[in-house]
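The values are calculated or read from the model by the stated rules, or taken from the named source; none is laboratory data. It should be emphasised that the depicted structure is a prediction, and the values quoted were computed from it without experimental measurement. When we count neighbours, we look across all protein chains shown, and the Cβ atoms used for this are built from the backbone with ideal geometry, even at glycine. Areas reflect the complete protein model, heavy atoms only, side chains present, ligands, DNA and RNA absent. Shrake-Rupley method; radii C 1.70, N 1.55, O 1.52, S 1.80 Å.
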Amino acid sequence: MTFDTPISRAGSHCVKWDMLEPLYGLKPDEGLAMWVADMEFKPPQVVQDALQKMLDHGVYGYFGDDTAYLDAIRWWMSNRHGWEVQPDWIFTTHGLVNGTALCVHSYTQPGDAVILMTPVYHAFARIIKAAGREVTECPLTLQDGLAQIDTADWEKRLTGREKMLILCSPHNPGGRVWTTDELRAVADFCVKHDLILVSDEIHHDLVYPGQKHTVMALAAPQIADRLVIMTATTKTFNIAGAHIGNVIIADPALRKTFANTMNAMGISPNSFGMHMATAAYSPEGAAWVDALMRYLDGNRQVFDDGVNAIPGLRSTRLEATYLAWVDFSGTGMAQGEFIDRVQKTAKIATNHGASFGTGGETFLRFNLACPRAQVVDAVARLERAFADLQ
């Protein structure tokens, strides 16, 4: 398994590279696409083999008999996360943005509010607002550059219309792996305010050495009657285009409500995604993830060492994810100026921190899931773009 081999994605209908010029004014041969959260790597061979088997068969009909798929999910959750899942708890959605939207429609009404721990994945706020609900921002605090939970501060921000809290665990952006005590604090907050807790754990396999992700269901089993957990193969194995995710609900009443929403919207699985996910959740897939995380750990170190040597820039020490979160506040520059330096001078496309909500205004997010040579190039470009500060 090698991750050093560059793969050209330009012209492949890849949003990350083919939208580089329309959105950022950068041609693919001059710019670095470090924005969209997918990887520049092929998935494990076992996934490629599953697709090849489908191609060799040559008939692409409706998917049926999901026993192997459900068994693969249960095996993965048990072996990688110590969580025993029952097959009837699992719903298959078209990715977890879709899963989140289904939760919002299932458990809230127009005019209700949903709590987000900002800065956080930008799609959450978009779908909440599009559904006619409100966003209540409960900003994370920073301590030694790491995001921290402050439920006492959250108490002051509630409007009384909140019905749901969406937790990103591990957190995107910022890469925090929440401790068991932190997860329990969130759970207690949800009990106190009678909130449905939707725990998006899509990054739970992308955890660095020395860190351990805890599934919310294990951290706070007492809140099963208000807990929905979302997981997916897509982020872990770089198969986001398969648009497949798992919404896992232990409580029968919550399951019934969610099933009604799924049925009302006529949602059924994508057969390609089902075969890819089944293949990925396997011993071969596990070995690939272990190798991936060793490689990403090296990328993280190269990026952090380089960026943190540039005066005014600080790269958050990631505990999970491949999404570096860089603070430019130390430059003293206005948001527009440091964005221009990164985008127009360094020619790097990133996600702007303000899009993640309150607390992200001085940050940019960089995708490190690429060959190491690209990370080295990105650091060199940033050094040149901010050379006058050195």
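The Cα atoms of the chain give a gyration tensor whose axes a ≥ b ≥ c have a/c of 1.5 or more with a/b no greater than b/c, which makes the shape oblate. To put it simply, the accessible area of segment 208-264 at a 1.4 Å probe is 54 percent carbon and sulfur. The 3J(HN,Hα) values that the Karplus relation (6.51, -1.76, 1.60; θ = phi - 60°) gives for segment 8-24 are, in residue order, 6, 10, 5, x, 9, 6, 8, 4, 5, 9, 7, 9, 4, 6, x, 9, 10 Hz. Gly and Pro appear as x.
With all protein chains in place and ligands, DNA and RNA left out, the 1.4 Å accessible area ranks 331, 179 as 179, 331, largest first. Rounded to the nearest Hz, the phi-derived 3J(HN,Hα) couplings of segment 97-105 under the Karplus curve 6.51 cos²θ - 1.76 cosθ + 1.60 (θ = phi - 60°) are 5, 4, x, 5, 4, 5, 5, 4, 6, where x marks glycine and proline. Based on the convex hull around the alpha carbon atoms, segment 1-142 presents an average projected area of 13.7 nm². Under the simplified labelling scheme, the residue 264-residue 135 pair shows an inter-label distance of 2.4 nm, with each label point 7 Å from Cα along Cα→Cβ. Which of rounded, prolate or oblate describes segment 72-223 when judged by the alpha-carbon gyration tensor and an a/c cut-off of 1.5? Judged from the Cα gyration tensor, segment 72-223 comes out oblate (a/c at least 1.5, b/c at or above a/b). Taking a ≥ b ≥ c as the square roots of the eigenvalues of the Cα gyration tensor, an a/c ratio of 1.5 or more together with a/b larger than b/c marks segment 226-336 as prolate.
Given R₀ = 56 Å, what would the calculated FRET efficiency be for residue 345 paired with residue 150, taking r from the Cβ atoms and rounding to 0.05? If you can, show how the numbers build up before the last one.
Numbers: r = 37 Å, r/R0 = 0.65.
Once rounded, the FRET efficiency stands at 0.95.
Within the straight-line cut-off of under 21 Å between alpha carbons, the lysines reachable from residue 156 are 192, sequence neighbours fewer than 8 places apart in one chain being disregarded.
Under 5 Å from the amide H of residue 348 lie the amide H atoms of 32, 343, each residue being 5 or more positions distant or on a separate chain, with H modelled from the backbone and absent for Pro and chain starts. Exposed loop sites, defined as chymotrypsin sites (Phe, Trp or Tyr not before Pro) outside DSSP H, G, I, E and B with at most 10 other Cβ atoms within 10 Å, are absent from the longest region of the chain, namely 63-390.
The length gained on full extension between residue 358 and residue 380, counted as 0.36 nm times the residue separation minus their Cα-Cα distance, comes to 4.9 nm. Identify all lysines with a Cα-Cα distance to residue 256 below 22 Å; exclude those on the same chain that are fewer than 8 residues away in sequence. Counting by Cα, and skipping residues close in sequence, residue 256 has these lysines nearby: 163. Just for the chain, what percent of DSSP beta bridges are antiparallel, to the closest 5? Once the DSSP bridges in the chain are tallied, antiparallel ones form about 50 percent. Sequentially through segment 364-370, phi angles give Karplus couplings (6.51, -1.76, 1.60; θ = phi - 60°) of 10, 10, 10, 8, 9, 8, 8 Hz, Gly and Pro residues having no value and appearing as x. Taken as Cα centroids, segment 351-390 and segment 265-295 sit 29 Å apart, rounded to the nearest whole angstrom.
Please report the antiparallel percentage of DSSP beta bridges with both residues in segment 148-302, rounded to the nearest 5.
Working: 3 of 12 bridges.
Given both bridge residues lie in segment 148-302, the antiparallel proportion sits at roughly 25 percent.
Given charges of +1 on the Cβ of Lys and Arg and -1 on the Cβ of Asp and Glu, with all other atoms neutral, how large is the dipole of the chain about its Cα centre, in debye to the nearest 20? Don't skip to the end; give the middle numbers.
Values: 33 positive and 44 negative charges, 84 e Å.
In debye, rounded to 20, the chain gives about 400.
What are the lysines whose alpha-carbon lies under 28 Å from the alpha-carbon of residue 344, with same-chain residues fewer than 8 places away excluded? Straight-distance partners of residue 344: 16, 27.
What's the extension gain from residue 15 to residue 78 if we count 0.36 nm per residue and subtract their Cα-Cα distance?
Values: separation 63, 0.36 × 63 = 22.68 nm, distance 3.40 nm.
That pair, residue 15 and residue 78, stretches by 19.3 nm at full extension.
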